[in-house]
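For reference, the structure discussed in these notes is given below.
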Amino acid sequence: MISRAASTGIVASVLLTVLASCGGGNKNANTPRTDLRPFKEVAAVEMFEKALEEAGLASERKTEIHIVGFGPWKVDLWVEGMPLVIEYLTAGDRAKLGDHLTSSKVGEHFKLIAVATEEIEEGEQLTSANSRYAVVFDDRDYVYQPNPTSEDRYDITIFEIEKRIRKDAVDVIEELRRIMENLAAETEEEE
């Protein structure tokens, strides 16, 4: 037979175990979040368009370029008045393109590579007449937590991603304008 003190101790420990398993605290505090989502391509392209419009630049969607070693590809945005196209890579794009649009990052979240505006022959050089710069953004750099929790203050929200995309779009436009101004100044000095 169990003494009264022992039975009280057993009941107390069982009760504490039950209470500990009921809510309270983040049960997954040390578990990495696997439910992150990349920001949608359509929404990102719309944000890039808006940034271009605010900078006084027109753009056109799904214009064909030629990627050396790959072939034709429809970029997300063709920027009028600047030698620039914008591509927001998704998992589907990466599967089709392989490593044809890879390069070292120029900005914190984007890459800059030269692409042809027309089909070029093997070995033919890219020139200012037949090429543009492709600014390549990768959706893996723009992931967010669709259901952020108050327990995990490190969750990146969709609002933070939207802010980052706006900033990156403005940074690209400003940097390219600076490069274009420098090239124009160098050309004037040579003449």
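The values are calculated or read from the model by the stated rules, or taken from the named source; none is laboratory data. Nothing here was measured: the structure is a model prediction, and the numbers come from that model. Ideal geometry is used to build each Cβ from the backbone, glycine not excepted, and the neighbour counts take in all protein chains shown.
Is there a residue being surrounded by 13 or more Cβ atoms within 10 Å (Cβ to Cβ) and either part of a loop (DSSP other than H, G, I, E, B) or modelled with pLDDT of 90 or more (or both) anywhere in segment 14-33?
yes
Determine which single condition D155 fails, assuming it passes every other condition in (1) surrounded by fewer than 16 Cβ atoms within 10 Å (Cβ to Cβ); (2) at pLDDT below 85.
(1)
Return yes when L176 is surrounded by 12 or more Cβ atoms within 10 Å (Cβ to Cβ) and without any contact (Cβ under 8 Å) to a residue 24 or more places away in the chain and no when it is not.
In short, no.
Just give me the residues in segment 149-175 being over 19 Å from the mean Cα position of the chain (by Cα) and not small (G, A, S), in sequence order. Show your work before the answer.
So the first thing to find is which residues in segment 149-175 are over 19 Å from the mean Cα position of the chain (by Cα), and the list is 149-153.
Once the filter is applied, which keeps residues that are over 19 Å from the mean Cα position of the chain (by Cα) and not small (G, A, S), segment 149-175 yields T149, E151, D152, R153.
In this structure, is T157 among the β-branched types (V, I, T) and farther than 19 Å from T63 by Cα? Break it down into steps so the answer makes sense when it comes.
On the way: among the β-branched types (V, I, T): yes; farther than 19 Å from T63 by Cα: yes.
Against the criterion (among the β-branched types (V, I, T) and farther than 19 Å from T63 by Cα), T157 qualifies.
Just wondering, is there one or more residues in segment 169-186 that are small (G, A, S) and modelled with pLDDT under 85?
The answer is yes, given that some residue of segment 169-186 is small (G, A, S) and modelled with pLDDT under 85.
Quick one: which residue in G107, G81, G56 is small (G, A, S), at pLDDT 85 or above and either under 27 Å from E162 (Cα atoms) or surrounded by 15 or more Cβ atoms within 10 Å (Cβ to Cβ) (or both)? Spell out how you get there, then give the answer.
Details: G107 fails: at pLDDT 85 or above; G81 fails: at pLDDT 85 or above.
It is G56.
Considering each of V172, V136, V85 in turn, give the residue that is out of contact with any Leu (no Cβ under 7 Å at 6 or more places or on another chain) and either outside any strand (DSSP E or B) or among the β-branched types (V, I, T) (or both).
Criteria check complete, one pass: V172.
Within segment 145-169, can you find the residues that are touching a residue at least 12 places away in the same chain (Cβ under 8 Å) and either assigned to a loop (DSSP other than H, G, I, E, B) or in contact with a Pro (Cβ under 8 Å, 6 or more places away or on another chain) (or both)? Lay out the reasoning, then the answer.
Of segment 145-169, the ones touching a residue at least 12 places away in the same chain (Cβ under 8 Å) are 145-147, 149, 151-152, 155-158, 160-162, 164-166, 168-169.
Those that are touching a residue at least 12 places away in the same chain (Cβ under 8 Å) and either assigned to a loop (DSSP other than H, G, I, E, B) or in contact with a Pro (Cβ under 8 Å, 6 or more places away or on another chain) (or both): Q145, P146, N147, T149, E151, D152, D155, I156, T157, I158.
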